[in-house]
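The values are calculated or read from the model by the stated rules, or taken from the named source; none is laboratory data. Given the structure is predicted, the values throughout are model-derived calculations rather than measurements. No Cβ is skipped: glycine too gets one built from the backbone with ideal geometry, and neighbour counts run over all protein chains shown. For accessibility, only protein heavy atoms count, side chains too; no ligands or nucleic acids. Shrake-Rupley method; radii C 1.70, N 1.55, O 1.52, S 1.80 Å.
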Amino acid sequence: MGMERLQELAPFVKDALHQTARVANAFCFLHVANTYLCSVAKLVGPSMLPTFNHGTYVLTESITSRLGAVGSGDAVLIRSPEEPRKVVAKRVKGVEGDVVSYVLDPSESEERKTVVVIVFSPFPGIYKNEMLS
């Protein structure tokens, strides 16, 4: 009697395992696509105005940064140095070899600094920008 009941349930169990495998494959595909190809991000806050408004959804791709093809003027998502769990949107001001000038504190003075952008070291805290003025 117990064996007959198990044989009756076998097609349902087999179907459930196949459906579970399909769902697992779909989640694996989404994980790989999100990690290595592209993902969706919601931009919150005014830091990218007027290019992106508060609450805008953007589709980001990860291939360009992996190939090292990010250039001046590109909008990028990076991990915040102050809050590593937070991702922030920024515009690239300069790449390796570019000379970049910026105002230290616009509310206090018009004093400008100029630096040459260099490559960051893979080791945290070990990098140096050459000051020109």
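Annotations for the structure displayed:
- Rg to Rh quotient for the range 13-80, alpha carbon positions, Kirkwood Rh: 1.18
- Computed with a 1.4 Å probe over protein heavy atoms only, the accessible surface of the range 1-123 comes to 81 Å² per residue.
- Shown in residue order for the range 7-15 are the 3J(HN,Hα) couplings computed by the Karplus curve 6.51 cos²θ - 1.76 cosθ + 1.60 at θ = phi - 60°: 5, 5, 7, 3, x, 5, 5, 4, 5 Hz (x for Gly and Pro).
- Pair-distance profile P(r), taking every C-alpha pair of the chain, with 5 angstrom steps and integer %: 2, 8, 10, 14, 15, 12, 9, 6, 4, 4, 4, 4, 3, 2, 2, 1, 1, 0
- Close amide-amide hydrogen proximity is noted between residue 74 and 92, each under 5 Å apart and 5 or more residues distant or on a separate chain (H modeled in the peptide plane; Pro and chain starts excluded).
- Averaging the sequence gap over all C-alpha pairs within less than 8 Å and six or more residues apart, then dividing by the number of residues, gives the range 18-129 a relative contact order of 14 percent.
- Sequence-ordered 3J(HN,Hα) estimates for the range 51-68 from the Karplus curve with 6.51, -1.76 and 1.60 and θ = phi - 60° stand at 4, 10, 7, 4, x, 6, 9, 10, 9, 9, 10, 9, 6, 4, 5, 5, 8, x Hz, glycine and proline given as x.
- Taken one residue at a time, the phi angles of the range 32-42 give Karplus couplings (6.51, -1.76, 1.60, θ = phi - 60°) of 5, 4, 5, 7, 10, 10, 7, 8, 10, 9, 9 Hz. Gly and Pro are set to x.
- Rounded to the nearest 20 debye, the dipole magnitude of the chain is 280 debye, with +1 charges on Lys and Arg beta carbons, -1 on Asp and Glu beta carbons, and the Cα centre as origin.
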